[in-house]
Each structure stands twice: as structure tokens, then as C-alpha cells.
Amino acid sequence: MRTVAYRRATLRDLDALLALERDFPGDRLSRRGFRHLLTNANAEVYVGVANDRVIGNAVVLYRNGAKCARLYSIVVASSARGCGVATALIRAVEAAARRRGAERVCLEVRTDNAAAIRLYEKLGYRATRRIKRYYDDGQDALRFEGVVHASRRAALAA
């Protein structure tokens, strides 16, 4: 894979974002949902692009006055997994959260998603609680939180 560029998504990315969602195993975002997120002042969508193709995305949500930004969704194309795309997208979300005044990034992850749990733990996120029957299929979730450190400000902005 050539170099990956990371940027804010636009409405022009809508079809590519939906294509990525088709490979996601449930709780998928719809065209209407993405359109809303892409035009909502309290949401940001970031994409990783390689060879003119969107290979990953991350959605972060904000509440006015909240100190925790919510990583709502992160998806990486199967062909790009293991290449650092998810890590770079999470770092982009952390940088954006910091710019908006958030101190932490919060997220939920399926308890059976061992790869994602390992990634979040490697990045310094900690499980804060288990949420029973969180997902549509009845699967439990773990809530994770990561602190956006001021000392990482330069690295996060990259």
C-alpha cells in the first residue's frame, strides 16, 4: 500500500464511506446517517485515503461542554488492516477532540472484538465498564476511555 493521507471527510466521500460500511459486521451507518454526520457541527468524520481510495474512516461526536469526545465508529477496509490505519485515525480523532477542548475520548467496543480491544489498550485506553446487551444482536460492550495528553499534542496534530 502506498502512503495513506488522512483528512476530514466531505459529502464527496459518501459513496466510499457506504462501501466501507458494507464490510462492517452490524450496526451500520446509512447514507442518511452519514449525510447527517458530515453536515453536523457536533460531528466529524475522518478518512484514510490510499491510491485514491477511502480505506478507513472514524466518526467522532461532541456534546457542548462535555469533556469526553465519543469515538462513535471506526472502520478499516479488510485489505488495509494491520497497516496502522486505525491507529492514525484514532490519533486524528484525539487531535480533533483536543482542539475542541475535550480531555478524553470515549468509545464502546464489542466484547468479542479482541483485535480492537488490543488496539485500544495498546494506545493507552482503559475499560471503565461493561454494558450488557448493548448491540442489536445482544452482544455486550466494553466502554473505554483514553486521556488526550497535552504532552502528545504535537504527535496528535501530525
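The values are calculated or read from the model by the stated rules, or taken from the named source; none is laboratory data. Predicted model only: the values in this text are computed from it and were never measured. Here Cβ is always computed from backbone atoms with ideal geometry, including for glycine, and neighbour counts include all displayed protein chains.
Quick notes
- Some residue of segment 128-140 being in contact with a Leu (Cβ under 7 Å, 6 or more places away or on another chain) and on the phi < 0 side of the Ramachandran plot: yes
- Flag for Arg133 being under 23 Å from Leu20 (Cβ atoms), charged (D, E, K, R) and free of Cβ contacts under 8 Å to residues at least 40 places away in the same chain: no
- Members of segment 91-123 that are of a type outside the set (A, V, I, L, M) and closer than 18 Å to Val60 by Cα: Arg91, Glu94, Arg98, Arg99, Arg100, Gly101, Glu103, Arg104, Cys106, Glu108, Arg110, Tyr120
- Of the residues in segment 24-31, at least one is modelled with pLDDT under 95 and more than 20 Å from Ala141 (Cβ to Cβ).
- Screening segment 39-158 for strands (runs of 3 or more DSSP E) wholly inside it with 3 or more residues that are crowded, with 16+ Cβ neighbours inside 10 Å returns the ranges 43-50, 53-61, 68-76, 104-110, 141-147.
- Residues in segment 55-112 that are more than 20 Å from Ala9 (Cα to Cα), among the hydrophobic types (A, V, I, L, M, F, W, C) and touching a Cys at 6+ places or on another chain (Cβ under 8 Å): Cys68, Ala102, Cys106.
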